[in-house]
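Since the structure comes first, as C-alpha cells, the remarks are kept for the end.
The values are calculated or read from the model by the stated rules, or taken from the named source; none is laboratory data. Fair warning: this is a prediction, and the values are worked out from it, not measured in the lab. Virtual Cβ from ideal backbone geometry, glycine too; neighbours counted across all protein chains shown. Just the protein is used for accessible areas: all its heavy atoms, side chains included, with ligands, DNA and RNA removed. Shrake-Rupley method; radii C 1.70, N 1.55, O 1.52, S 1.80 Å.
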Amino acid sequence: MKCDLHVHSYFSGRCTTPVINKICRESYNNPEEVYSLLGQRGMDLVTLTDHDSLEGADKLRRYPNFFVSEEVTCHMPSGTEVHVGVYDVNDRQHAQLQQRRDDLVALLMYLTERKLFFSINHVFSGLTGPRVHDDFEWFLEYFPAIETRNGHMLEQQNAHAAHLAKRWKKIGIGGSDAHALPSVGTAYTEVPGARDKEEFFAGLRAGVGRVGGESGCFTKLTRDVFLIAGEMMREKQWTALLSPIALLIPVAIFLNYRDEHKFSRRWAAELFGQPENTKGASWTGVPRPAVEEWI
C-alpha cells in the first residue's frame, strides 16, 4: 500500500512569509481534488497533513481509505520551531495535541501514551527557522520516525535525512509536501504486503516500509509558487495589482534553495563529520523519480 504522508489543502492557514502572510494562504488545494489526484497517482491510502487543522480532513472523512492526520507546529525547549507529522488521529486527540504543542515534553508524553505514530519533518531544512544541537538530541531520543523523502526538499537534504534515519535506526517516511495540486502524490511511503491502514502502520513500525518518488528542485517549486500566487489573485482579485512582483518569484526560489543548501550542508557537517565544502546543490534540474530506498 502507498500513501503520501505529507500533503496540504486550503485549510493549512496563512503562509509564513512576512507581509505576504496578510493576503496569501499556504495552499489553495481543494481537499476533494487532492483526494482524487492521489487516487489517480496510485495512493491506496489518503490523508491530509494541514498545519494544526482538521478542517480539510472533515471534507474527506466519508471515504473508507482516508484517515485523519495533521502537521503540528511545535516549539522545542530551545525555543526553535519544528513541524511534527502526527498520523491517524481523532478529534479529541487533535485538541489535546494543540494544547500541548508549545510544551514538547507534554506533547511527547501524550503521543507516546496514546501510541500515535509521529515523525519529525524536513529535518535538514531551515523552513521553520534555525536549529540547535539540543534539538537533534530530542529527535534522537524521542522521535520514532524521520521524513526521509520530501517532494520539495533538495535531493541532498533528503539524502542527509535518509542517512540520519539509518544511523539512528529510525523509521523513514515520505510525502510530497504538496501545497499545489501538480505536486500531490509525487513522493510517498509504501508498505509491501499491507492490506489496510492498520497493516500499513504496523509495517512502518516493524521497519519494512520504504519511500519513493521525487525530491524537489527549482523548476518544481517555482511552478507551485506561481500557481499559489495565481489562486491568491483569483480569490482576492485586487491582489492582481501585485502581479508585477511575481516576476521576482524565480529569484526568491533560487535564493531560498541556496540558503537551504547551506543549512543542510552545515548540519550534515555537524552530525556526520562531513566537510562543509561538498559538491554544490543540484536545485535547477528537472524533477525525476528517485530510486526507491529501503529504510
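Count of segment 14-43 residues, restricted to those that are closer than 30 Å to R195 by Cβ and open to solvent by 70 Å² or more (accessible area, probe 1.4 Å), is 3. Exactly one residue out of A159, A206, A180 is of a type outside the set (D, E) and within 21 Å of Y87 (Cβ to Cβ): that is A206.
Tally time: how many residues in segment 41-67 are touching a Leu at 6+ places or on another chain (Cβ under 6 Å) and in a strand (DSSP E or B)? Going through segment 41-67 one residue at a time, the tally reaches 2. Please verify whether A252 is under 19 Å from T17 (Cβ atoms) and over 21 Å from the mean Cα position of the chain (by Cα), treating the condition exactly as stated. In short, no. Close contacts from segment 207-234, counting a first residue that is in contact (Cβ under 8 Å) with a residue 24 or more places away in the chain and under 30 Å from A194 (Cα atoms) and a second that is part of a helix (DSSP H, G or I) and not polar (S, T, N, Q), with Cβ to Cβ under 7 Å and a gap of 6+ residues or different chains, come to G209/G203; S215/E155. Candidates are the residues of segment 255-271 that are farther than 21 Å from Y28 by Cβ and free of Cβ contacts under 8 Å to residues at least 60 places away in the same chain; the one that is farthest from the chain's Cα centre (by Cα) is A269. Residues in segment 201-226 that are of a type in the set (G, A, S), outside any loop (DSSP other than H, G, I, E, B) and surrounded by 22 or more Cβ atoms within 10 Å (Cβ to Cβ): G213 alone.
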